[in-house]
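Worksheet: one structure, shown below.
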Amino acid sequence: MLQIKSFTFNPFMENTFLLFDETKEAVIFDPGCYEKAEKETLQNFISKEGLNIKYLINTHCHIDHVLGNAFVKRQFNVPLLMHKNEVVVLKSVSSYASNYGFPAYEETEADKFIDENDQIEFGNTILKIKFVPGHAPGHLVFYNLDANICIAGDTLFQGSIGRTDLPSGDHLTLLNAIKNEMFTLPETMTIYPGHGPETNIGFEQINNPFVGKRAKF
């Protein structure tokens, strides 16, 4: 049975997700851990549960989602997976990390590129992928139909959507991607976003003010 553990890290209050099943194999999504205490929190949970980390995955590569990339790669000796369109986004982080208060940020590079035609396998679990650009040019979301969950990054939030005023962001692209990709998922599917509380597809299809039936924008 697939289990999810969430951690909220760094001043951006970013959600880092750890997924694992009964085999104890696991994947880490978007490690936002920067401070020593945050890294220890993640590491201690993994040690306590006896987990074997198989992959590190970035839904996208804005600074708040990649602060712990180097730590996770080094600590657990795992490859970093992301979409090829995020290479420029990831490389740019080092140029502004200090300005955001993260002078000790460590650069990383992808070990493997993935897209919507791939799937992530660990233990007895398979995660399928959707390409949902707009917030970031190579943004991916990951879902499992059996567990009825979706790791959504900064695409769809409870009552909101990802911001699109950052470099490479595009509002219309994100709106269309959510409607055409994410809204094809089951209405009961739980969405685990990159910030804030979880929601579900059915609620957002109706109530989201940007992409729902009651959209105001």
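Can you tell me what share of the DSSP beta bridges in the chain is antiparallel? A percent to the nearest 5 is fine.
Numbers: 27 of 40 bridges.
The antiparallel fraction comes to roughly 70 percent.
When Rg is the radius of gyration of the Cα atoms in the chain and Rh is its Kirkwood radius, what does Rg/Rh come to? Kindly include the intermediate steps, with their values, before the conclusion.
Numbers: Rg = 16.2 Å, Rh = 17.2 Å.
Result: Rg/Rh = 0.94.
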Two-decimal Rg/Rh across segment 128-208, once Rg and the Kirkwood Rh are taken from alpha-carbon atoms
0.93
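Beyond 15 Å, what share of the Cα-Cα pairs of segment 59-114 is found? Please give it as a whole percent.
Details: 673 of 1540 pairs.
Considering segment 59-114, 44 percent of its Cα-Cα pairs are separated by more than 15 Å.
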Straight distance only, please: which lysines reach the Cα of Lys54 with their own Cα at less than 27 Å, same-chain residues fewer than 8 apart left out?
Lys5, Lys24, Lys36, Lys39, Lys73, Lys84, Lys91, Lys112, Lys128, Lys130
Can you give the accessible area of Val132, probe radius 1.4 Å, in Å² rounded to 10?
0 Å²
Taking only C-alpha pairs under 8 Å that are 6+ residues apart, what is the relative contact order of segment 19-68 in percent?
52 percent
Rounded to the nearest 10 Å², the accessible area of Arg214 at probe 1.4 Å:
150 Å²
Heavy-atom accessible area with a 1.4 angstrom probe orders Lys112, Lys48, Lys54, most exposed first, as Lys48, Lys112, Lys54
With all protein chains present, how much of the accessible area of segment 137-195 (probe radius 1.4 Å) comes from carbon and sulfur, to the nearest whole percent?
46 percent
Taking 0.36 nm per residue of sequence separation and subtracting the Cα-Cα distance, how much length would be gained by fully extending the chain between Leu166 and Asn124, in nm to one decimal?
11.4 nm
Any idea of the accessible area per residue across segment 156-199, 1.4 Å probe, to the nearest Å²?
50 Å²
Whole-percent carbon and sulfur share, accessible surface of segment 9-60, 1.4 Å:
50 percent
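What net charge do the residues around Lys84 carry, taking every other residue with its C-beta under 13 Å from that of Lys84, with Lys and Arg at +1 and Asp and Glu at -1? Numbers along the way, then the final one.
Numbers: positive: Lys91, Lys112; negative: Glu86, Glu109, Asp111, Asp115, Glu116, Asp118.
Neighbourhood net charge equals -4.
Per residue, how much accessible area does segment 1-118 show when a 1.4 Å probe rolls over the protein heavy atoms, in square angstrom? Before the final figure, lay out each step's value.
On the way: 5600 Å² over 118 residues.
Dividing the accessible area of segment 1-118 by its residue count gives 47 Å².
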Could you tally the net charge around Gly101, taking each other residue with its Cβ under 12 Å from the Cβ of Gly101, Lys/Arg +1 and Asp/Glu -1?
-2
Give me the percent relative contact order of segment 78-217, please, defined on Cα pairs under 8 angstrom at least 6 residues apart.
18 percent
The alpha-carbon center of segment 102-174 and that of segment 37-86 are separated, in whole Å, by 14 Å
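The values are calculated or read from the model by the stated rules, or taken from the named source; none is laboratory data. Just so we're clear, the structure is a prediction, and the values are computed from it rather than from any experiment. Don't worry about glycine lacking a Cβ; one is built from the backbone with ideal geometry, like all the others, and counts go over all protein chains shown. Areas reflect the complete protein model, heavy atoms only, side chains present, ligands, DNA and RNA absent. Shrake-Rupley method; radii C 1.70, N 1.55, O 1.52, S 1.80 Å.
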